[in-house]
Amino acid sequence: MTLTHDDVRKILAILDESDCEEVHLEFGDVRLHLHRHGGEPGLRGARGADEPAARPSPELADEGRGAPTQPDPARGDRTEPIPEGTVGITAPMLGIFYRSPSPGEKPFVEVGDKVTPDDTVCLLEVMKLFNSVKAGAAGMVEEILVENGALVEYGQRLMLIRRDSA
Amino acid sequence: MRLFIANRGEIAVRIVAACRKLGIETVVAISDADRHTRAAQIADRAVCIGPAPAAESYLKMEAIVSAAKGTGCDAVHPGYGFLAENAKFQRLCIENGLIFVGPSASAMSAMGDKLAARRIAGEIKLPVVPGSGQVDHPDKVRALGRQIGYPFLLKATAGGGGRGMRIVRSPDEIAGSFASARAEAQAAFDEPTLYVERYIERARHVEIQVVGDAYGKIVHFGERDCSIQRRHQKLIEESPSPAVDSDLRARMADAALRLAGHVGYVNAGTVEFMLDLDSMEFYFLEMNTRIQVEHPVTEMVTGIDLVAEQIRIARGEALSVSQDDVKLNGHAIECRINAEVPELDFMPSPGKIVTWAPPSGSGIRVDTHCYPGYIVPPFYDSLLAKVIVHGPDRDSAITRMVHALDTFKASGVGSTVRFNRAVVAHPDFREGRVTTRWVEESFSRGTGWTGRAERQR
């Protein structure tokens, strides 16, 4: 459902004839809220004379996922289907992926290990700041998708956990 | 060389194009909402640095530096907005062995604090808009009001352009404006300090493009007139300025070069001035230490690729031209096309683009990241495209812009194509009679309604 230039003109022409001060319109999946001038439309920060400003607005539903632009075999594309019964652990931030608490120590998890949701499975380092990533699910580590020391992107799939059957 | 682009939208596409020309590999940062952006499609690689909100992606310095290092990049181009004028980010890049495509952190800081910039300009005898140091209390503002005269502006010292700004027309307005300007400045810049500046009633905004290399040479590329603004946002820019003759140009350029030289400016920057149309005096306003949105206007009249020049300078080359090589040929105009509905007080109108057929042809250039089917996300600015035209003179450039905008087809999102067309076709614009308040005063398309839209889940 899209709102054309002419739609807007016609709507405004109709509303101008009315006594309304405030109007809420719903058509298709769009809700339009209109206020007649004179009412305080809310604080609008004046913006820089050069930079377009960030405009927070309600989120749009994800309208489809295309294939990633440069498939990188090490990436663990999150849009690839995963085996039934498994769940992916995705990176909550960009960073360098480390399998162990520190170099030389045993990895947090190996394939075949059982994990609970709060178990730390890896670290992500951003500029010397280390963040632990939790399993988020109960089950068994089925696959580790990223090499130790590799850069991972936000949202990249790191591991697969085979869920415990209820 | 491999360059990391820490920005999005049309400027990310622009930087990729410049890199292509120079044979440089590109890696572009993308947020989760920008996975299908044009820059991601044409760069050599795209790296997702965070979720949609800018604060968690394009403003996350550490993630950007990590991503740049992790993908083997040598340099970072910050574009405009976001971290482009953030001295801390510049230093973080340098500390991590990354070349920063822009000036030094010290030049950035000097010009980023608007009071410091005014003071520096004053020290080297640049004309500065009469104003004050920082004001901490409405009573001080009242006293300054008597001195400077009404109307005056309350401005944020950490601000840029028109953010955190209030026009004060009478003593009654002081208390309210002081409070709201402080609150806005605090929210936007985490710094509530204000200062006072005289408000020039009939003004034009004229800025000088400068570029310096690392060997001390600085060249100016003429002026841009950015007087068509709405709420301190630039809408239409042109070069040369209809109000500037060669003598005034020489004096403004001299002032701009002296300021840039004084702070040891390297790379591209813009010195902004207010031209008081009643006295034809010009006053230093501020300096922007980055490439600007409207840079194509200067590129069209000078034939210089400013973004390529930025990258060359960053990798240590000398400026590719001397001042004598710089000539302004013909006339160029740029219109910014935003995803907004002008009739509803320029309500933002993101969504999925259905039709997208920008104009093309001789003397027409379109800088955009949009394509049919592209979903304009709601998290960032509303800029869809810049339409730039060039002609042998101003009248022919205007005619070319009117024609270009008439042939621009866009649907699915709101767009300001028709609004821009109406402005450039207006006799006041053609006669060069506009001031920075013209759009809001003489050209109001106000319908008496404001609005906002939501999409139901």
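The values are calculated or read from the model by the stated rules, or taken from the named source; none is laboratory data. Because the structure is a prediction, the values reported are computed rather than measured. Neighbour counts run over all protein chains shown; Cβ positions are idealised from the backbone, glycine included.
Structural remarks
- Selection within segment B:352-383: residues that are closer than 16 Å to B:Val417 by Cβ and facing chain A (nearest Cβ under 7 Å). The member of this set that is surrounded by the fewest Cβ atoms within 10 Å (Cβ to Cβ) is B:Val354.
- Among the residues here, B:Glu223 qualifies as surrounded by 24 or more Cβ atoms within 10 Å (Cβ to Cβ) and away from every other protein chain (no Cβ under 14 Å).
- The criterion of at least 1 residues that are more than 23 Å from B:Ala422 (Cβ to Cβ), small (Gly, Ala, Ser) and outside the structural domain of B:Gly164 (by TED's automatic domain parsing) is met by the following strands (runs of 3 or more DSSP E) wholly inside segment B:211-304: B:218-230, B:267-276.
- In segment A:5-32, residue modelled with the lowest pLDDT [restricted to those that are within 8 Å of chain B (Cβ to nearest Cβ) and closer than 25 Å to B:Leu235 by Cβ]: A:His5
- Cross-chain or 6+ apart pairs with Cβ under 8 Å, segment B:385-399 first and aromatic (Phe, Trp, Tyr) and outside any helix (DSSP H, G or I), then surrounded by 15 or more Cβ atoms within 10 Å (Cβ to Cβ) and modelled with pLDDT under 95: none
- Candidate set: segment B:303-337, residues that are of a type in the set (S, T, N, Q) and touching a Gly at 6+ places or on another chain (Cβ under 8 Å); chosen: the one nearest to the other protein chains (Cβ to nearest Cβ): B:Gln310
- B:Glu191 being farther than 20 Å from B:Val129 by Cβ and more than 12 Å from chain A (Cβ to nearest Cβ): yes
- Residue check for B:Ala404: in a helix (DSSP H, G or I), touching a residue at least 24 places away in the same chain (Cβ under 8 Å), in contact with a His (Cβ under 6 Å, 6 or more places away or on another chain) and over 28 Å from B:Gly23 (Cα atoms): no
- You will find that of B:Asp113, B:Asp136, the residue that is surrounded by fewer than 24 Cβ atoms within 10 Å (Cβ to Cβ), in contact with a Leu (Cβ under 9 Å, 6 or more places away or on another chain) and under 30 Å from B:Gly176 (Cβ atoms) is B:Asp136 and no other.
- Leading residue by the ranking (nearest to the chain's Cα centre (by Cα)) among those in segment B:342-358 that are closer than 13 Å to B:Ser415 by Cβ and assigned to a loop (DSSP other than H, G, I, E, B): B:Phe346
- Against the conditions (1) farther than 23 Å from B:Gly97 by Cβ; (2) in contact with a His (Cβ under 6 Å, 6 or more places away or on another chain), B:Ile15 satisfies every one except (1).
- For B:Ala67, the test of being touching a strand residue (DSSP E or B) at 6+ places or on another chain (Cβ under 7 Å) and within 13 Å of chain A (Cβ to nearest Cβ) is passed.
- Inside segment B:234-265, residues that are among the hydrophobic types (A, V, I, L, M, F, W, C) and without any contact (Cβ under 8 Å) to a residue 40 or more places away in the chain make up a count of 3.
- Hey, A:Met93 of a type in the set (A, V, I, L, M), in contact with a helix residue (DSSP H, G or I) (Cβ under 9 Å, 6 or more places away or on another chain), within 19 Å of B:Pro51 (Cβ to Cβ) and surrounded by 18 or more Cβ atoms within 10 Å (Cβ to Cβ) or not: yes
- Index of the failed condition, B:Leu248 passing every other in (1) surrounded by fewer than 23 Cβ atoms within 10 Å (Cβ to Cβ); (2) touching a Lys or Arg at 6+ places or on another chain (Cβ under 9 Å); (3) within 20 Å of B:Thr436 (Cβ to Cβ): (2)
- Applying a threshold of 8 Å to beta carbon distances and a minimum spacing of six or more residues, or different chains, the list of pairs starting in segment B:1-22 at a residue that is under 23 Å from B:Asp381 (Cβ atoms) and ending at one that is part of a helix (DSSP H, G or I) and among the acidic types (Asp, Glu) reads B:Arg8/B:Asp34.
- Residue among B:Glu340, B:Glu334 that alone is buried (at least 20 other Cβ atoms within 10 Å of the Cβ), out of contact with any helix residue (DSSP H, G or I) (no Cβ under 8 Å at 6 or more places or on another chain), closer than 30 Å to B:Val301 by Cβ and in the same structural domain as B:Arg231 (by TED's automatic domain parsing): B:Glu340
- Counted residues, segment B:23-38 - those being free of Cβ contacts under 8 Å to residues at least 40 places away in the same chain and under 23 Å from the mean Cα position of the chain (by Cα): 3
- Any hit, segment B:39-47, residues being at pLDDT 95 or above, within 21 Å of the chain's Cα centre (by Cα) and either outside the structural domain of B:Gly81 (by TED's automatic domain parsing) or of a type in the set (A, V, I, L, M) (or both): yes
- For segment B:384-398, the criterion of being surrounded by fewer than 15 Cβ atoms within 10 Å (Cβ to Cβ), among the charged types (D, E, K, R) and out of contact with any helix residue (DSSP H, G or I) (no Cβ under 6 Å at 6 or more places or on another chain) is met by at least one residue.
- Some residue of segment B:174-186 being out of contact with any helix residue (DSSP H, G or I) (no Cβ under 8 Å at 6 or more places or on another chain) and away from chain A (no Cβ under 14 Å): no
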